[in-house]
1. Working only within the stretch 28-48, note down all residues that are more than 16 Å from H265 (Cβ to Cβ) and in contact (Cβ under 8 Å) with a residue 24 or more places away in the chain.
2. Name the residue, out of V159, V143, V209, that is within 14 Å of L268 (Cβ to Cβ) and either touching a Leu at 6+ places or on another chain (Cβ under 7 Å) or at pLDDT below 95 (or both).
3. Take the residues in the stretch 125-141 that are part of a helix (DSSP H, G or I) and open to solvent by 80 Å² or more (accessible area, probe 1.4 Å), then tell me which one is farthest from A239 (Cα to Cα).
4. Being under 30 Å from A111 (Cβ atoms), open to solvent by 20 Å² or more (accessible area, probe 1.4 Å) and of a type in the set (S, T, Y) narrows it down to one of T144, T157, T168, T217, so name that one.
5. Against the conditions (1) touching an Asp or Glu at 6+ places or on another chain (Cβ under 9 Å); (2) under 18 Å from E189 (Cα atoms); (3) free of Cβ contacts under 8 Å to residues at least 60 places away in the same chain; (4) buried (at least 17 other Cβ atoms within 10 Å of the Cβ), where does A121 fall short? Just the number, please.
6. Are any residues in the stretch 259-274 out of contact with any helix residue (DSSP H, G or I) (no Cβ under 8 Å at 6 or more places or on another chain) and either surrounded by fewer than 20 Cβ atoms within 10 Å (Cβ to Cβ) or not in a loop (DSSP other than H, G, I, E, B) (or both), and if so, which ones?
Amino acid sequence: MSIEISTFNVNGIRAASRKGFAELMAATGPDVVALQEVRASDEIVDKLLGEQWEVVNFPCEVKGRAGVALAVRKNGRVQIDRQSVRFGAQPQGVDAVAVDTGRWLEADMRAGDEVVRVVSAYLHSGQVGTEKMDQKYAHLELVTQRMQELLDADVPTVVCGDLNIVHTERDIKNWKGNHNKSAGVLDEEIAYVDAWLNQGWRDVVRDLVGEEQGPYTWWSYRGKAFDNNAGWRIDYQLASPSLGQRAQAWHVDSADAYDARVSDHAPLRISYGL
């Protein structure tokens, strides 16, 4: 038995739905979908995903920004344990500041007797030299603390999402032009990914593909980035050690052509043995 989990930054669920989101999900068939940059209310998300999906949505209090969700197929072999749902990476009982809402959502997924805790995370993109970088680093500190707590809980867990940080030069086409110049490619940001891996988290895709370049999951809409595969690998599945060892296969569901894209990101799909 296995569970297949897809993580997908939809860049707005309304726009993604118009561009073929439902058809993409039907074609790829994941058991669990972690969505980022949903940017919509519960009512809109439920309507656009349709009756076949059970959804937990965490919108951002800042209108038009962020938003994360977790969805499973109704009447499927995986169910969301709604009592396990947690909104935000901040300590329990502490309200998140508005800019950090809609960025971290946890829930236990039950498949028979097995439980996998899934996180949908959308970390700040940041902007060098502005308040947005301060917000990113503040949120990264909360995330780092929470990720250690998740490991300490000793429940098979996978943190899925757009982490907005490349890890090494294998994860971006134009390393030299962006390293320590662009947000997402700063050594200070990369140090957080190093810290998570040092905690024990497994970068599942990198474990499976080895030292090859990519695979990229985001391509700018500007210029010919998609056509030239000038991408970034910023969408991850970071698994706790026991779950990471059970990763079986991965796939980036990239469109065949620029005008067939549902988002500027592509879904990252990984199956885990249970």
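1. The initial filter retains those residues of the stretch 28-48 that are more than 16 Å from H265 (Cβ to Cβ), namely 29, 31-32, 40-48.
Selection gives G29, D31, V32, A40, I44, V45, L48.
2. Working: V143 fails: within 14 Å of L268 (Cβ to Cβ); V209 fails: either touching a Leu at 6+ places or on another chain (Cβ under 7 Å) or at pLDDT below 95 (or both).
From the options V159, V143, V209, the qualifying one is V159.
3. Keep residues of the stretch 125-141 that are part of a helix (DSSP H, G or I), which gives 131-141.
Keeping just the survivors that are open to solvent by 80 Å² or more (accessible area, probe 1.4 Å) gives 131-132, 134, 141.
Working: E131: 31, K132: 28, D134: 27, E141: 19 Å.
It comes out as E131.
4. Numbers: T157 fails: open to solvent by 20 Å² or more (accessible area, probe 1.4 Å); T168 fails: under 30 Å from A111 (Cβ atoms); T217 fails: open to solvent by 20 Å² or more (accessible area, probe 1.4 Å).
T144 is the lone residue from the list that is under 30 Å from A111 (Cβ atoms), open to solvent by 20 Å² or more (accessible area, probe 1.4 Å) and of a type in the set (S, T, Y).
5. A121 satisfies all of (1) touching an Asp or Glu at 6+ places or on another chain (Cβ under 9 Å); (2) under 18 Å from E189 (Cα atoms); (3) free of Cβ contacts under 8 Å to residues at least 60 places away in the same chain; (4) buried (at least 17 other Cβ atoms within 10 Å of the Cβ) except (3).
6. So the first thing to find is which residues in the stretch 259-274 are out of contact with any helix residue (DSSP H, G or I) (no Cβ under 8 Å at 6 or more places or on another chain), and the list is 259-260, 264-266, 271, 273-274.
D259, A260, D264, H265, S271, G273, L274 - these are the residues of the stretch 259-274 that are out of contact with any helix residue (DSSP H, G or I) (no Cβ under 8 Å at 6 or more places or on another chain) and either surrounded by fewer than 20 Cβ atoms within 10 Å (Cβ to Cβ) or not in a loop (DSSP other than H, G, I, E, B) (or both).
The values are calculated or read from the model by the stated rules, or taken from the named source; none is laboratory data. Given the structure is predicted, the values throughout are model-derived calculations rather than measurements. Counting neighbours? That spans all protein chains shown, and the Cβs are built from the backbone with ideal geometry, glycine included. Quick note on the areas: whole protein, heavy atoms, side chains included, nothing else; ligands and nucleic acids left out. Shrake-Rupley method; radii C 1.70, N 1.55, O 1.52, S 1.80 Å.
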